[in-house]
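The values are calculated or read from the model by the stated rules, or taken from the named source; none is laboratory data. Here the structure is a predicted model, which is why all the values come from computation and not from measurement. Because the Cβ atoms are built from the backbone with ideal geometry, glycine has one as well, and the counts that use them run over all protein chains shown. Accessible surface is based on the protein model in full, side chains and every heavy atom, while ligands, DNA and RNA are left aside. Shrake-Rupley method; radii C 1.70, N 1.55, O 1.52, S 1.80 Å.
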Amino acid sequence: MKNLRVFGRIHNARRNYSPLPVDPLLRFKTISQTQKAPRVLITGSLGQLGRGLNSVYKYMYGSECVVMSDIVRLPANATDVSDYNYLDILNQGSIEEIVVNKNIDTIVHFSALLSAVGETNVPLALQVNCRGVENILQVAAKHKLKVFIPSTIGAFGPTTPRENTPDLTVQCPTTIYGVSKVYAERLGEYFNHRFGVDFRSMRFPGIISATKPGGGTTDYAIQIFYDALQKGKHTCYLRPDTRLPMMYDTDCMASVIQLLAADSQSLKRRTYNVTGFSFTPEEIADAIRRVMPGFEIDYDICPTRQSIADSWPMSLDDSEARKDWGWNPEYGLDETVQVMFALLRREEDKPTKIVSTA
Ligand code: SER
């Protein structure tokens, strides 16, 4: 299901990993049996989450239901991707063209600059994260589309209560990423209220996947697995006690599919918190040691990413999502550690390594 970037020689520590679940996509079957197949356009689809969502949708409804798009060339070995198209989300006409030509009814808008990289290029973050969202929402209003635009824990800031952060609370973020995501939440809700756009959003925690993200503050929680396998050791850019909310990839895919499939009547809001579990670098290192006893971690703090992490919630209250549309994550920290090692190891065993552009 996943395409992984695996490189270098693999650390040869003794490993003791559980096998992958027989069918990790079992829970998606129920939804596909009760819902009509959508025609989904995924923007930014070669990033961290797009190919995973493509695979899940195809599993649910067959190969015709997803149109993939991004602005870079498809890697030659991306055999999981079929209908792939160049799409510049800054060009509203191009979005419209693809929506009409491909008969799209749902857009999953993944294109965005993440928190750390956003701070290095604010003008680009404004373009991609704000102008892109405006274009998507205007096309959605014109063509009566359902739209999912992810938000983030980054939409909160230092004045937000940091423990068990509720859906409705202070939102004064201190990164351009966070500011642009608050804008996306507000603009989406405005388009829903004013033009009836079926806008849906969730505030994602850090997503742990076997595809690499690019330029986020929570990225260490993925890199740590690659480093564990390649070197038996990880140097973390956050302090050992920095607690952040996280979620495993398959749960993230389930949240998108479930929220998009939910009956509009059941939604009491358009933006929901979702989360899996929270941990610190010290705690994930301990969880890794439970399956790789010799694993080591040390610290070389990055001031930018540390101050971003310090301004974010340590845990999210996602009870409204559980109540309104049945959100129910399946992976805890230990299950995530096991499945990450199993996935990376499976790639390691393949004769030809697959490289993602995420
Ligand atoms: N993963 C994101 C980041 O670290 C947070 O949503 O920027």
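Heavy-atom accessible surface of I176, to the nearest 10 Å², is about 30 Å², with a 1.4 Å probe and all protein chains retained. Taking all Cα pairs closer than 8 Å and separated by 6 or more residues, the relative contact order of the chain comes to 23 percent.
Determine the per residue accessible area of the chain with all protein chains present and a 1.4 angstrom probe, expressed in square angstrom. Walk me through the numbers on the way to the answer.
Values: 14630 Å² over 358 residues.
For the chain, the per-residue accessible area is 41 Å².
You can think of it this way: the chain between S266 and D324 has 20.3 nm of extra reach, that is 0.36 nm per residue less the Cα-Cα gap. The simple spin-label model puts a point 7 Å past each Cα toward its Cβ; for R194 and D310 those points are separated by 3.8 nm.
If the chain linking K29 and Q223 were pulled fully straight, counting 0.36 nm for each residue of separation and taking away their Cα-Cα distance, it would gain 66.7 nm.
Using the rule -39500 (n - 2.57) for each DSSP H run of four or more residues, divided by the residues of the chain, the 222 nm mean residue ellipticity is -11500 deg cm²/dmol. Under the combined filter of DSSP loop state and at most 16 neighbouring Cβ atoms within 10 Å, region 271-333 retains these trypsin sites (Lys or Arg not before Pro): R290.
Taking every DSSP beta bridge that has both ends in the chain, the antiparallel portion is near 10%. Computed in the context of the full set of protein chains, the accessible area of the chain at 1.4 Å probe radius has 51% of its extent on carbon or sulfur. Working ranking of peptides 112-121, 39-48, 259-268 by packing, defined as the average number of other Cβ atoms within 10 Å per residue, highest first, is 39-48, 112-121, 259-268.
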